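Below is one structure, written out as structure tokens; comments come after it.
The values are calculated or read from the model by the stated rules, or taken from the named source; none is laboratory data. The model shown is predicted, which means the values in this text are computed figures rather than measured ones. Here the Cβ positions follow ideal geometry from the backbone for every residue, glycine too, while neighbour counts run over all protein chains shown. Ligands, DNA and RNA are stripped out before the accessible areas are found, and what is left, the full protein with its side chains, is counted by its heavy atoms. Shrake-Rupley method; radii C 1.70, N 1.55, O 1.52, S 1.80 Å.
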Amino acid sequence: QVQLVESGGGLVQAGGSLRLSCAASGSIFSINTMGWYRQPPGKQRELVAVITSGGSTTYADSVKGRFTISRDHAKNTVHLQMNSLIPEDTAVYYCNTYARTRALGSWSNYWGQGTQVTVSS
């Protein structure tokens, strides 16, 4: 199994910054993508940003130019630098990875427990 542990959430004023981190551990053979999703209050979970093993990134339109995703392959970690935060960024942020635990095993999605980000106006 693969475990994901997030850190770095909290309360910040509009215009401020936060940095989220996520560390993957467990029986990891290979990781493909790592990314962040969020679930605002009363809404569905949505993609924030994802980064592939080759370093390609994808961002939601709502965070382009404000958020930056990065990855440390050696440590199996992913980070999300969030700048110019707005109240609409308030959500539970979930770390995600697409990984496999054996050389010929199947690829699976794994999720962290989530970390709360609250942006006050």
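With a 1.4 Å probe and every protein chain left in place, work out the accessible area per residue of the stretch 36-113 in Å², rounded to a whole number.
Averaged over the residues of the stretch 36-113, the accessible area is 54 Å².
Treating each Cα of the stretch 1-66 as an identical point scatterer and ignoring solvent, apply the Debye formula and state log10 I(q)/I(0) at q = 0.16, 0.19, 0.25, 0.28 Å⁻¹.
Values, matching the q order: -0.70, -0.97, -1.37, -1.41.
Which residue, chosen from Thr97, Ile51, Ile31, occupies the Cα position most advanced towards the positive end of the dipole of the chain, where the dipole is computed from +1 (Lys, Arg) and -1 (Asp, Glu) charges on Cβ about the Cα centre?
Positive-most Cα among the choices belongs to Ile31.
Starting from the Cα of Arg102, move 7 Å in the Cα-to-Cβ direction to define the label point; list residues of the stretch 26-58 whose amide nitrogen is under 13 Å from there.
Taking a point 7 Å out along Cα→Cβ of Arg102, the residues of the stretch 26-58 whose backbone N falls under 13 Å are 29.
For Arg38, Arg71, Arg102, Arg19, give the ranking by accessible area with the largest first, probe 1.4 Å.
Putting Arg38, Arg71, Arg102, Arg19 in descending order of accessible area: Arg102, Arg19, Arg71, Arg38.
Against the globular-protein guess of 2.2 N^0.38 Å, express the Cα radius of gyration of the stretch 58-121 as a ratio, rounded to two decimals.
Rounded to two decimals, the normalised Rg is 1.36.
Using each residue's phi in the stretch 107-118, evaluate 6.51 cos²θ - 1.76 cosθ + 1.60 at θ = phi - 60° and report the 3J(HN,Hα) Karplus result to the nearest Hz, with x for Gly and Pro.
Per-residue couplings from phi come out as 7, 9, 8, 10, 10, x, 7, x, 9, 7, 10, 10 Hz.
Where the centre of each part is set by its Cα atoms, how far does the stretch 72-121 sit from the stretch 1-42, in angstrom?
The two parts, judged by their Cα centres, are 3 Å apart.
Probe radius 1.4 Å, ligands and nucleic acids ignored: give me the carbon and sulfur share of the accessible area of the chain as a rounded percent.
Its accessible area is 48 percent carbon and sulfur atoms.
Cβ neighbours within 10 Å, averaged per peptide: list 104-115, 2-13 in order, most packed at the top.
My ranking of the peptides, most packed first, is 2-13, 104-115.
Would you mind calculating the relative contact order of the stretch 59-121 from Cα pairs under 8 angstrom and at least 6 residues apart, reporting the percent as a whole number?
29 percent.
Given a cut-off of under 8 Å on Cα pairs at least six residues apart, what relative contact order in percent is computed for the chain?
Dividing the mean separation by the residue count of the chain yields 36 percent.
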